[in-house]
Amino acid sequence: MNYVFDIDGTLTPSRQLINPSFKLFFLEWIRNRDVYLISGSDYPKSEEQVGKEVLHAVKGCFNTAGNVYYVKGELIYRQDWEGPQDLIDLLESFLEHSSYPIKAGNHIEKRIGMINFSIVGRNCTLEQRNAYNLYDHENQERARLRKTIMEQFPDIEVSIGGQISIDIYPVGKNKSQIIRNIKGPIHFFGDKTMEGGNDYDLAKKLHSPPNKVTQVQNWEETMQILKKL
Ligand SMILES: [Mg+2]
C-alpha cells in the first residue's frame, strides 16, 4: 500500500509548522512504508512546515497540486502555467468588490502550475487568518468566487484549500494528477475531500478498493488513526 498525505490541515495546522512530537512519531511511522506528500503550497513552504528529514524520508513530495514533484530534495518535474490576463483582471475586481474589510496584502500569488488567490491576503496575521476563515464559513465567499471563475473560464478549475485561499489551475491539473506517478494501491489522507475542496479530485479517484480515502479534521486525528494502522 502507498500512503499519500495532504500537508495543510492533515499533517500540520494550515500553513503552520508540524507539531514536534507528531513529527517524531511520523518519522518513525513512515519507516519501511511507501509514503508520499501532496500540497497546494510550493516545496520551500513544505520544507519549512514539515522539515527536511520528513521530506527526505518519504518517497516523494508533490507540490502546487502535483504540478511539481521532488524526490529527496531533487526536482523531478515541473509544469508551468501562466494564468490569462482576463483571469487576473477578474481576481483584481473580486478584491476591489469584496465586502471583507481587511486586505493584508499578497492576494494573487503565482505558483508553479497554478495561481493561489486570497481576499484577506497571505500577509495576514494568524488571528486575521482565523477570522477570515470564520467569515468564509458564514458567508461562503470562496465558494462564490470559485463558481464565478469556473463559469467564466470553462478550461479553468478552482478548489478551496487551507483557510483563506482558493487554488486556480487548468482543468485536470489538480491533486489527482499525482496518481500516474504512484504504482499500486493508494491510501490517501486529506482534510478537504468534500466537493470543492482541494483534496476532492484525488479522493474521488481513490474511493473504491483497493484504494482508500481517510478524511481527517486535523493532524491530531491523523495521528490517532496512524497509531492504529
Ligand atoms: Mg489540506
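Hey, what angle do you get for helix 141-152 against the long axis of the chain, alpha-carbon based, 0 to 90 degrees rounded to 10?
80 degrees
Could you check which residue among Arg31, Arg142, Arg15 shows the biggest mean-square fluctuation in a GNM of the chain with a 10 Å Cα cutoff?
Arg31
Report the GluC sites (Glu not before Pro) located in segment 148-199 that are in a DSSP loop and have at most 16 other Cβ atoms inside 10 Å of their Cβ, or state none.
Filter output for segment 148-199: Glu195.
Collect residues whose amide H, placed 1.01 Å from N in the peptide plane, falls under 5 Å from the amide H of Val213; neighbours closer than 5 in sequence don't count.
Correct list: Phe188.
Return the Rg/Rh ratio of the chain with Cα-based radii and a Kirkwood Rh.
0.95
With everything on Cα atoms, drop me the angle between helix 20-30 and the longest principal axis of the chain, reported from 0 to 90° to the nearest 10.
60 degrees
Can you tell me the relative contact order of the chain? Whole percent, Cα pairs under 8 Å, sequence separation 6 or more.
The normalised contact order for the chain reaches 22 percent.
Counting other Cβ atoms within 10 Å of each Cβ, which trypsin sites (Lys or Arg not before Pro) in segment 177-208 have at most 10 and sit in a DSSP loop?
Lys183
Out of all DSSP beta bridges in the chain, what portion is antiparallel? Express it as a percent rounded to 5. Let's see the in-between values first.
Details: 21 of 39 bridges.
Among the beta bridges of the chain, antiparallel pairing accounts for roughly 55 percent.
What residue among Ser159, Phe188, Ala143 has its Cα farthest toward the positive end of the dipole of segment 79-229, where the charges are +1 on Lys, Arg and -1 on Asp, Glu, each on the Cβ?
The residue sitting farthest along the positive end of the dipole is Phe188.
Please report how far the C-alpha centroid of segment 164-229 lies from that of segment 97-139, rounded to the nearest whole angstrom.
23 Å
Counting only Cα atoms, I'd like the Rg/Rh figure for segment 85-170, Kirkwood definition for Rh.
My calculation of the ratio gives 0.93.
Between helix 85-97 and the chain, what is the angle of the helix's C-alpha long axis to the longest principal axis, kept within 0 to 90° and rounded to the nearest 10?
70 degrees
At a threshold of 8 angstrom on Cα-Cα distance, excluding pairs fewer than six apart, so keeping six or more, what relative contact order does segment 85-170 reach in percent?
Values: 111 pairs, mean separation 23.8, N = 86.
Relative contact order here is 28 percent.
Loop only by DSSP, 11 or fewer other Cβ within 10 Å of the Cβ. Give me the chymotrypsin sites (Phe, Trp or Tyr not before Pro) in segment 12-89 that pass, ordered by residue number.
none
Using 0.36 nm times the number of residues separating Lys204 and Glu127, minus their current alpha carbon distance, what extension gain do you get? Please report the intermediate quantities before stating the final value.
Values: separation 77, 0.36 × 77 = 27.72 nm, distance 3.28 nm.
This chain segment gains 24.4 nm when fully extended.
No value in this document is a laboratory result; all are computed from the given coordinates. Keep in mind the model is a prediction, meaning the values are calculated, not measured. FYI the Cβ positions are ideal-geometry reconstructions off the backbone, even for glycines, and counts take in every protein chain you see.
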